[in-house]
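The values are calculated or read from the model by the stated rules, or taken from the named source; none is laboratory data. Small disclaimer: the values here were computed from a predicted structure and weren't measured. When we count neighbours, we look across all protein chains shown, and the Cβ atoms used for this are built from the backbone with ideal geometry, even at glycine.
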Ligand SMILES: Nc1nc2c(ncn2[C@@H]2O[C@H](COP(=O)(O)OP(=O)(O)O)[C@@H](O)[C@H]2O)c(=O)[nH]1
Ligand SMILES: [Mg+2]
């Protein structure tokens, strides 16, 4: 069957045709058409007609089903609303309508550009909408506590952070705030393995003593037990133990593997502990990593770091507009290819 494709360039139109019809697609006709909106994007100014290799011997007919926007006498071309699909996909990842629309436009407008240009366009938009911060914060000594649900990677991330910062010359100590000697033993095992000083505290008084005893460290990393966000008593106990007036920077840690709207709900329950930074983990265990952007936007917390696997210390990278742009492009490239057959345009 004859298929029609529109794109900004001949190459792009051929790429679309081959993506759908296979590498041996026969290009029957190439023509220039006027831009759909004069003076605006050149997208859609080249039209090609192509047929799959196995259809070449069959009769070629044009569809006569009219669709909105088609002009009399022209073959029917139904534009797959790629822009709308991109926008919808981004919003389904928790990204707000304004940011989703800007990102979708940039993604769509840079379709035929080199990957680095597309990433740079996305990164520029992300930098204007999302706050980022560094761990550790500039002042010394710094005390950072990782808080969050159980199993999200708090202890592992502390080991990564401690190891990375120590190799940059920072004097680090690790403190476990956990009355349970079994669960706290993972932190002390990492500390022993990495040869980093550590201590375990069971409550607020012991934590204050341990902080005082670690006086020579530039940075104290406090590991906390997993906290059920739906159990208010647990959240309160953690808050009481950390103490809201102490100079502790609370860093909310969430794994991006769950449903984004529930993660936002969970994150909001931890806002009672006044976190001032967000760490997102397990990016390797999702195919919708762009939801990181949605989480940061909805929780309104500066994004500090991203973890991409269990390896200590390598699988932790600082968060940045460039890193998030990479996640957005990667997610969209994959998701739109999976959910919008064929790529870019549909001919009826
Ligand atoms: N795939 C993957 N696994 C991770 C990551 N971070 C931590 N883990 C693993 O997740 C599990 C729970 O980690 P842990 O640090 O004990 O979580 P915690 O309960 O929040 O302290 C462990 O098996 C870690 O190796 C990550 O970024 N990716
Ligand atoms: Mg732990």
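Brief remarks follow.
- Answer from 189, 159 - the residue that is more than 30 Å from the chain's Cα centre (by Cα), within 12 Å of ligand 1 (Cβ to nearest atom), part of a helix (DSSP H, G or I) and in the same structural domain as residue 243 (by TED's automatic domain parsing): 189
- Among the residues of segment 273-316, those that are farther than 25 Å from residue 88 by Cβ and assigned to a helix (DSSP H, G or I) comprise 273, 284.
- Of the residues making up segment 210-224, those that are over 16 Å from residue 249 (Cα atoms) and assigned to a loop (DSSP other than H, G, I, E, B) are 214, 215, 216.
- Long-range neighbours under 7 Å by Cβ, at least six apart or interchain, first residue within 16 Å of residue 142 (Cβ to Cβ) within segment 234-246, second at pLDDT below 90: 242/248
- Condition met for residue 202 (within 16 Å of ligand 2 (Cβ to nearest atom) and in the same structural domain as residue 270 (by TED's automatic domain parsing)): yes
- Summed over segment 134-150, the residues that are at pLDDT 95 or above and part of a loop (DSSP other than H, G, I, E, B) give a count of 3.
- Condition met for residue 316 (in contact with a helix residue (DSSP H, G or I) (Cβ under 7 Å, 6 or more places away or on another chain) and either surrounded by fewer than 21 Cβ atoms within 10 Å (Cβ to Cβ) or closer than 18 Å to residue 260 by Cβ (or both)): no
- Index of the failed condition, residue 130 passing every other in (1) more than 17 Å from the chain's Cα centre (by Cα); (2) farther than 17 Å from residue 191 by Cβ; (3) away from ligand 2 (no atom under 11 Å from the Cβ): (1)
- Once segment 162-186 is narrowed to residues that are within 23 Å of residue 254 (Cβ to Cβ) and in a loop (DSSP other than H, G, I, E, B), the residue that is nearest to ligand 1 (Cβ to nearest atom) is 178.
- Taking the criterion of being part of a helix (DSSP H, G or I), in contact (Cβ under 8 Å) with a residue 40 or more places away in the chain and over 16 Å from the mean Cα position of the chain (by Cα), the residues of segment 83-117 that qualify are 85, 108, 109, 115.
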